[in-house]
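The values are calculated or read from the model by the stated rules, or taken from the named source; none is laboratory data. The structure displayed is predicted, hence computed values, not measured ones. So basically every Cβ, Gly included, is an ideal-geometry build from the backbone, and we count neighbours across all protein chains shown. Only protein heavy atoms, including side chains, enter the accessible area calculation; ligands, DNA and RNA are left aside. Shrake-Rupley method; radii C 1.70, N 1.55, O 1.52, S 1.80 Å.
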Amino acid sequence: VLYRIKEQGKAMEEALSRSGIPFQTVGHEKLQERKGIRELIAYLKVGGVTACDLDVERIINFPLRGIGRNTVHTLQQWCKMKHRSLLTALGRLHEIPGLKPGPAKKLRIFSNDLNQLKESLDGMSVYEQILHILDKFGIRDAMNADNKFQEDLTALLDISRSFEARCIDFLAHLALEKGQDRYDPDAEKVSLMTMHAAKGLEFPVVFVSGCEDGLIPYRRKGGEQGDPLEEKRLFYVALTRAQEKIYLTHVKRRLWFGQRTLQRISPFLAAIEEDLKEYKKPFSAKRAPKKEAPQLSLFKL
């Protein structure tokens, strides 16, 4: 299933989840940018002494440990004034004015946990490091409500196995990863992706969702349109992903930028030769009437 913008994919994921249809989402975000995985990798960097301030910011209150934004801002201001890193600030909390006793205590505990992490990860494989961080910091519990996290975690662990103890190489591999790299052609799942992410791939059957003016070609809020030729080329990419059949779908009404709008069919559909098209009526969203139980007819006069 292909679509023009990634926001359309969220509705697809929800619909397939409700229907119990397995799916894989490709090309929306790199694995390392997903919630939970992003923080897990930040812990890996801190443990391997390759962390930057952004990594520390991501984990300073993940999982929740009661360190608020004002406290983090106080640390950042000190770092800016002294030209120091956040990790340095955590080791010199007694020098930072304005820290209240309660937050300062939580920061010391956090700092001690990070120092212990560096020692405990020494000698472990990348796979073992990930499992250790999950257990030590309770990340599984923190992400328990996110159904996608376990799938993303499994993918991360699978990748980590081949790197043994080479954590720096593992992190470099993730940084270079493309969303398409995680597409599994053998998975018995519906593949969801943007048209951009589909470049270079082919499928027996393709559905292109949202073939409406404003989506294909795409126009931003306010009516600003991109390069018409580039939009046409992108639509051509979507069409040529299909090996056997392609379904081009559109709706009459859509919730668009917070407003319900009437939609017009994409002008690109009119450019397709008529003898290549076959029109299908849309399915009915109405529930089929329930059949009356045969026993009830015995009681009707």
- request: Filter segment 228-271 for residues that are without any contact (Cβ under 8 Å) to a residue 24 or more places away in the chain, assigned to a loop (DSSP other than H, G, I, E, B) and more than 27 Å from the chain's Cα centre (by Cα) and give the result.
  value: Lys252, Ala271
message: Considering only residues that are crowded, with 19+ Cβ neighbours inside 10 Å and hydrophobic (A, V, I, L, M, F, W, C), which ones fall in segment 115-132?
response: Leu117, Leu121, Val126, Ile130
task: Among the residues of segment 248-263, count how many are open to solvent by 90 Å² or more (accessible area, probe 1.4 Å) and modelled with pLDDT of 90 or more.
output: 0
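Within segment 59-66, can one find any residue that is in a helix (DSSP H, G or I), closer than 17 Å to Asn115 by Cβ and either small (Gly, Ala, Ser) or in contact with a Leu (Cβ under 6 Å, 6 or more places away or on another chain) (or both)?
So far as segment 59-66 goes, no, none of its residues is in a helix (DSSP H, G or I), closer than 17 Å to Asn115 by Cβ and either small (Gly, Ala, Ser) or in contact with a Leu (Cβ under 6 Å, 6 or more places away or on another chain) (or both).
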message: Checking the condition of a type in the set (D, E, K, R), modelled with pLDDT under 90 and closer than 15 Å to Ser191 by Cβ, which residue from Glu7, Glu13, Glu29 passes?
response: Glu13
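Residues checked against (1) farther than 24 Å from His173 by Cα; (2) among the basic types (Lys, Arg); (3) surrounded by 15 or more Cβ atoms within 10 Å (Cβ to Cβ); (4) at pLDDT 90 or above:
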residue	(1), (2), (3), (4)
Asn112	yes, no, no, yes
Leu134	no, no, yes, yes
Ile139	no, no, yes, yes
Asp146	yes, no, no, no
message: Being under 17 Å from Arg34 (Cα atoms) and in contact with a Ser or Thr (Cβ under 8 Å, 6 or more places away or on another chain) is the requirement here; does Ile168 meet it?
response: no
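Each row is one residue, and each column tells you yes or no for (1) part of a helix (DSSP H, G or I); (2) of a type in the set (A, V, I, L, M); (3) in contact with a helix residue (DSSP H, G or I) (Cβ under 8 Å, 6 or more places away or on another chain).
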site: Met12; (1), (2), (3): yes, yes, no
site: Ser17; (1), (2), (3): yes, no, yes
site: Thr25; (1), (2), (3): no, no, yes
site: Gln32; (1), (2), (3): yes, no, yes
site: Leu40; (1), (2), (3): yes, yes, yes
site: Leu44; (1), (2), (3): yes, yes, yes
site: Ala51; (1), (2), (3): no, yes, yes
site: Val56; (1), (2), (3): yes, yes, yes
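Would you confirm whether any residue within segment 83-90 is under 24 Å from Asp146 (Cβ atoms) and free of Cβ contacts under 8 Å to residues at least 12 places away in the same chain?
no
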